[in-house]
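Visitor: Questions regarding the structure given below will be posed in turn.
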Amino acid sequence: MGAYLKLDHIDKTFTRGSASTNVLKEVTLDIDKGEYVSIIGHSGCGKSTLLNIVAGLTSATTGGVILDGREVNSPGPDRAVVFQNHSLLPWLTVYDNVRLAVDKVFSGTRSRAERHDWTLHNLDLVQMGHAKDKRPSEISGGMKQRVGIARALAMEPKVLLLDEPFGALDALTRAHLQDSVMQIHATLGNTILMITHDVDEAVLLSDRIVMMTNGPSAYVGEVLEVNLPRPRKRLDLVTNATYLKAREAVLKFLHERHRFVEAA
Amino acid sequence: MSMPALKLEKSSPAKMAQAPAAQVVKMPARQRPALAEKIVPFLKSAAANIIPPVVVIALLVGLWQILCSAPGAALPPPSSIIQNSWELIAHPFYDRGGLDKGLFWHILASLQRVAVGYSLAAVAGVGLGVLIGQSTWAMRGLDPLFQVLRTVPPLAWLPLSLAAFRDGQPAAVFVIFITAIWPIIINTAVGIRNIPQDYRNVAAVLRLNPLEFFTKIMIPAAAPYIFTGLRIGIGLSWLAIIAAEMLIGGVGIGFFIWDAWNSSLIGDIIVALIYVGITGFILDRVIAAIGAFVTRGTAAA
């Protein structure tokens with residue numbers, strides 16, 4: 001029972017009329033404080049549903065989520081989400097997007113000046129301080145995602161939930177952001193749960209990789225420990241035997257044993 | 001070919017001798033093209049936008065003049081309108097008491113009625129639109145009713161309104177209200193229903209309370225739709241007030257037109273129509289401008 005975040009026998013069935021689809025089956029996962037865990041699987045395997053259940057945006061049919069000794073079943077700032085499509089409010093500036101979260105979470109505990117400083121601090125953390133007065137439509141996709149990360153970090157969440165955060169970005173921008181996330185994880189020691197479908201990303205960033213089988217009724221097929229010392233350097237890992245082995249294990253899982261069967 | 005070479009030879013000793021003078025000469029030389037560069041495109045674009053409508057209007061007025069100059073024509077040509085209705089055209093601000101006022105005062109009276117009725121419609125319309133956009137049950141219950149009521153022509157409400165209020169003024173305001181409210185309700189509801197799930201998720205994670213959700217997410221997200229409804233609503237209001245005033249009487253551009261018809265002052269009617277058209281155009285542009293200002297940044301994601 002020592003786990004910081006515990007996903008306990010989560011089952012999820014979507015019901016529409018008389019038809020019902022079992023998406024997740026008996027998903028159980030323990031995550032320690034400060035751990036970086038990735039969930040990988042083919043699209044449609046229910047990994048986003050799983051993240052939404054942890055976030056509280058969707059409720060599990062049976063089973064539950066325990067965070068820091070307490071069951072959680074509604075959304076809250078202790079489980080900040082970085083959404084795949086950044087989800088910044090387009091009518092607010094970069095600063096105001098982060099400030100909205102800061103004001104909401106710390107309205108009772110911090111003064112106005114402290115909240116202002118905290119907002120700027122978090123923007124600086126993702127190197128976005130220079131664009132604080134711009135609107136989301138005026139910055140690039142990678143920058144938007146940085147702001148999304150700043151907004152999530154600014155809530156001081158117990159767990160940071162990343163929902164395919166780099167999926168919509170080009171390869172170079174993605175690499176930059178991955179480095180930033182690794183650096184933030186190293187500095188702040190956040191507990192992070194990330195959804196991804198990128199094998200390299202999963203191996204590079206995670207302490208553990210949770211591999212999901214194909215849906216319906218997806219379950220945790222295998223959990224891989226990535227025993228690579230941190231800080232990890234992208235270039236050094238290219239020839240690293242442990243890295244290559246981990247990469248091979250994930251690829252084999254995804255493409256040999258649980259190949260994605262396309263519908264018709 | 002040899003000319004520039006000659007010039008160069010001549011200018012080089014001159015530069016050496018009086019360098020500051022050369023600089024002074026350069027300054028206005030630089031400014032002249034810069035000023036011209038600014039003005040010429042501006043004039044060009046202004047001409048491109050102004051000349052076509054001016055030409056079209058001139059042609060139409062000319063055609064009108066020719067068609068209505070024939071003896072026995074039912075409508076007066078522009079030249080005789082200017083002659084007969086000159087007082088109306090030249091003095092929009094005169095006031096001799098009663099109904100004998102300049103067109104400005106008639107327009108103003110109509111605008112006041114529209115302002116009251118339209119403001120009420122905007123507030124109630126956005127409120128009801130939020131309700132049926134947000135609540136499935138409210139939509140199921142109210143939407144069929146709204147769909148039927150919105151097809152009732154504005155003037156059909158007037159007798160009922162007169163019976164209820166027993167006075168022309170509030171009855172006219174009610175007709176404006178009931179005319180303008182439907183597009184506002186329907187567009188607001190569509191805007192609320194189209195709020196992306198992402199924004200709702202953000203609100204959920206931040207635990208925004210209903211009031212914060214309303215002011216910080218819902219209204220800004222739906223603003224483009226709301227302003228579409230408001231813009232259609234102001235146009236309909238202006239359509240309805242003219243018709244309603246014809247029946248109600250009193251000061252107002254609608255009754256002015258009816259009065260002019262009864263006095264067979266066809267020229268006055270045409271002058272009034274031009275005023276009505278321009279006022280309606282300005283109203284539409286004002287709402288559009290407010291909308292553009294309020295929703296700046298909202299439409300682009």
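Visitor: Looking at segment A:67-83, which of its residues are open to solvent by 70 Å² or more (accessible area, probe 1.4 Å) and either facing chain B (nearest Cβ under 9 Å) or not in a loop (DSSP other than H, G, I, E, B) (or both)?
Guide: A:ARG70, A:GLU71
Visitor: Before we move on, is A:GLY108 within 14 Å of chain B (Cβ to nearest Cβ) and modelled with pLDDT under 90? First the steps, then the outcome.
Guide: Numbers: within 14 Å of chain B (Cβ to nearest Cβ): yes; modelled with pLDDT under 90: yes.
Here the answer is yes, as A:GLY108 does meet what is asked.
Visitor: When you go through (1) open to solvent by 50 Å² or more (accessible area, probe 1.4 Å); (2) hydrophobic (A, V, I, L, M, F, W, C); (3) under 30 Å from B:ILE178 (Cα atoms) one by one for B:PHE93, which number turns out not to apply?
Guide: With (1) open to solvent by 50 Å² or more (accessible area, probe 1.4 Å); (2) hydrophobic (A, V, I, L, M, F, W, C); (3) under 30 Å from B:ILE178 (Cα atoms) applied to B:PHE93, the lone miss is (3).
Visitor: Let me ask you something else. Please count how many residues of segment A:126-143 are open to solvent by 50 Å² or more (accessible area, probe 1.4 Å) and closer than 19 Å to A:LEU188 by Cβ.
Guide: Qualifying residue count, segment A:126-143: 1.
Visitor: Exactly one condition in (1) out of contact with any His (no Cβ under 9 Å at 6 or more places or on another chain); (2) within 14 Å of chain B (Cβ to nearest Cβ); (3) in a helix (DSSP H, G or I); (4) among the charged types (D, E, K, R) is false for A:GLU156; which is it?
Guide: It is condition (3) that A:GLU156 fails.
Visitor: Select from segment A:31-66 the residues that are small (Gly, Ala, Ser) and either modelled with pLDDT of 90 or more or not in a strand (DSSP E or B) (or both) and list them in ascending order.
Guide: First, the residues of segment A:31-66 that are small (Gly, Ala, Ser): A:34, A:38, A:41, A:43-44, A:46, A:48, A:55-56, A:59-60, A:63-64.
Within segment A:31-66, A:GLY34, A:SER38, A:GLY41, A:SER43, A:GLY44, A:GLY46, A:SER48, A:ALA55, A:GLY56, A:SER59, A:ALA60 qualify.
Visitor: Being farther than 21 Å from A:LEU162 by Cα, modelled with pLDDT under 90, charged (D, E, K, R) and surrounded by fewer than 20 Cβ atoms within 10 Å (Cβ to Cβ) is the requirement here; does A:ARG230 meet it? Before the answer, list the steps.
Guide: Details: farther than 21 Å from A:LEU162 by Cα: no; modelled with pLDDT under 90: yes; charged (D, E, K, R): yes; surrounded by fewer than 20 Cβ atoms within 10 Å (Cβ to Cβ): yes.
No.
A quick yes/no check of all residues on (1) modelled with pLDDT of 90 or more; (2) open to solvent by 30 Å² or more (accessible area, probe 1.4 Å); (3) within 14 Å of chain A (Cβ to nearest Cβ); (4) in a helix (DSSP H, G or I):
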{"residue": "B:PRO170", "(1), (2), (3), (4)": "yes, yes, no, yes"}
{"residue": "B:VAL175", "(1), (2), (3), (4)": "yes, no, no, yes"}
{"residue": "B:ALA180", "(1), (2), (3), (4)": "yes, no, no, yes"}
{"residue": "B:ALA189", "(1), (2), (3), (4)": "yes, no, no, yes"}
{"residue": "B:TYR199", "(1), (2), (3), (4)": "yes, no, yes, yes"}
{"residue": "B:ILE217", "(1), (2), (3), (4)": "yes, no, yes, yes"}
{"residue": "B:ALA223", "(1), (2), (3), (4)": "yes, no, yes, yes"}
{"residue": "B:GLY250", "(1), (2), (3), (4)": "no, yes, no, no"}
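Visitor: Looking at (1) open to solvent by less than 20 Å² (accessible area, probe 1.4 Å); (2) within 14 Å of chain B (Cβ to nearest Cβ); (3) out of contact with any Phe, Trp or Tyr (no Cβ under 9 Å at 6 or more places or on another chain); (4) at pLDDT below 90, which one does A:ALA150 not meet, given that it meets all the others?
Guide: The number of the failed condition is (4).
The values are calculated or read from the model by the stated rules, or taken from the named source; none is laboratory data. As the structure is a computational prediction, the values presented were derived from the model and not from experiment. Backbone-built Cβ (ideal geometry, glycine too); neighbour counts: all protein chains shown. Note: areas computed on protein heavy atoms with side chains; ligands, DNA, RNA excluded. Shrake-Rupley method; radii C 1.70, N 1.55, O 1.52, S 1.80 Å.
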